[in-house]
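Student: Attaching a single structure in structure tokens format; questions to follow.
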Amino acid sequence: MDLSIVIPLYNERESLPELTAWIARALKSFSYEIWFVDDGSTDGSWDAIRDLAVKADNIHGIRFRRNYGKSAALYEGFAAAKGEIVVTLDADLQDSPEEIPEMVRMIREEGYDLVSGWKQHRKDNVLTKNLPSKLYNWTARKVTGIKLHDMNCGIKAYRAEVVKNIEVYGEMHRYIPYLAKNAGFGKVGEKPVHHQKRKYGVSKFGLDRFVNGLLDLMSLWFLSRFGGRPMHFFGTSGILMFLVGFVMTVWIIAEKLILQSQGLKFRAVTDQPLFYLALVALVLGVILFLAGFLGEMISRSASERNRYQVKERL
């Protein structure tokens, strides 16, 4: 089978028949399957999926008991996908399935592991969507080193081995290219795509997604850099903090002894604010160092500590 189309959705009943027909028109030259993942919809979306599945044997559905989020829906869809190339698509009709053939060509002929869409001309509100999205994507490029203009674009195409070797959880669907890069799939391409105004329903994402996205980005960066060697981060920070406290302590004591030896007036060590700052730095240094030890113990007992992505064997 050529393609698996994974479509996560939440309350998108009205758009599903139109989207399915649009996919059929765009992918006439491909063999494909569609996996609709209903993320706890309450508007009858599952009934619409069931009706579509009765009419076509290449349409399948997964239904959650409640709303878990887009990452969970993608995780289940990726696990079920059987195609050579896996494509993700939002169900709101804002991304065009007609972009898929070119994205597939880029993977097959140009050797990309992943091709992400780029909504150059967004049909969304400028203040609530466009400007925050530009800031978010600029930050993501700086942190991840992946030169994508639209990291969170819903339409993407992947080699099947990419989605089978990454774990999407929490709200990490925004950073699948970064997850793929960390798993060893570093050839990431980008294709400008046509973006349309939402035809049915309302957006399911608010401004809080940008705050959550920044926190998730920080978590992924930390895990990719220090997840397997926490002592390198906590140990280094602890040593530096301890040294700062130690130097401050030596300075205070030396200054007191010098003044005392010269018969000059001096302040008691415990009367100086610097003494308490030094004490805090020493304690924090010890705590950070111990945190590094605990992190190493947890890391070394993890079941996945020796899981590596092997590309070939002879």
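Each value in this text was obtained by applying a stated rule to the coordinates, not by laboratory testing. What you see is a predicted model; the values in this text were computed from it and never measured. Reconstructed Cβ throughout: ideal geometry from the backbone, glycine too, with neighbour counts over all protein chains shown.
Student: Can you tell me how much longer the chain between Arg267 and Asp43 gets when fully stretched, taken as 0.36 nm per residue apart minus their C-alpha distance, in nm with one decimal?
Tutor: Contour length minus Cα-Cα distance gives 73.3 nm.
Student: Which option, (i) 197; (ii) 143; (iii) 121, is the value of volume of the Cα convex hull per residue in Å³ that was calculated from these coordinates?
Tutor: (i)
Student: Now for a separate question. Using the per-residue mean of other Cβ atoms lying within 10 Å as a proxy for protection, in what order, highest first, do the peptides 173-180, 252-259 fall? Before the final figure, lay out each step's value.
Tutor: On the way: 173-180: 23.8, 252-259: 13.2.
Those peptides, ordered most packed to least, come out 173-180, 252-259.
Student: Also: Once fully extended, how much extra length lies between Val244 and Leu223, figured as 0.36 nm per residue of separation less the alpha-carbon to alpha-carbon distance? Before the final figure, lay out the partial values.
Tutor: Numbers: separation 21, 0.36 × 21 = 7.56 nm, distance 2.67 nm.
Stretched fully, the Val244-Leu223 segment lengthens by 4.9 nm.
Student: Say R0 is 25 Å: what FRET efficiency, to the nearest 0.05, do Ser237 and Asn212 get from their beta-carbon distance?
Tutor: Efficiency, from the Cβ-Cβ distance: 0.45.
Student: Here is a further query. Need one number: nm distance between label points at His121 and Ile298, each 7 Å from Cα along Cα→Cβ, rounded to one decimal.
Tutor: 4.9
Student: Between Ser96 and Ala56, take the C-beta separation as r, use R0 = 30 Å, and let me know the FRET efficiency to the nearest 0.05. Walk me through the intermediate numbers first.
Tutor: On the way: r = 20 Å, r/R0 = 0.68.
The computed FRET efficiency comes out at 0.90.
Student: Between Val283 and Asn67, what length in nm is gained on full extension when 0.36 nm per residue of separation is reduced by their alpha carbon distance?
Tutor: Answer, rounded to one decimal: 73.4 nm.
Student: Which entries in the list Lys142/Lys199; Lys164/Lys187; Lys82/Lys191; Lys134/Lys191; Lys55/Lys156 go over 22 Å, if you measure between the two C-alpha atoms of each?
Tutor: Beyond 22 Å: Lys142/Lys199; Lys82/Lys191; Lys55/Lys156.
Student: Nearest 10 degrees, 0 to 90: what angle lies between the long axis of helix 70-80 and the longest principal axis of the chain (Cα atoms)?
Tutor: 60
Student: Quick one: of the DSSP bridges fully inside the chain, what percent are antiparallel, nearest 5?
Tutor: Working: 8 of 30 bridges.
The answer is about 25 percent antiparallel.
Student: Using alpha carbons only, how many degrees (0 to 90, rounded to 10) separate the axis of helix 131-144 from the longest principal axis of the chain?
Tutor: 70
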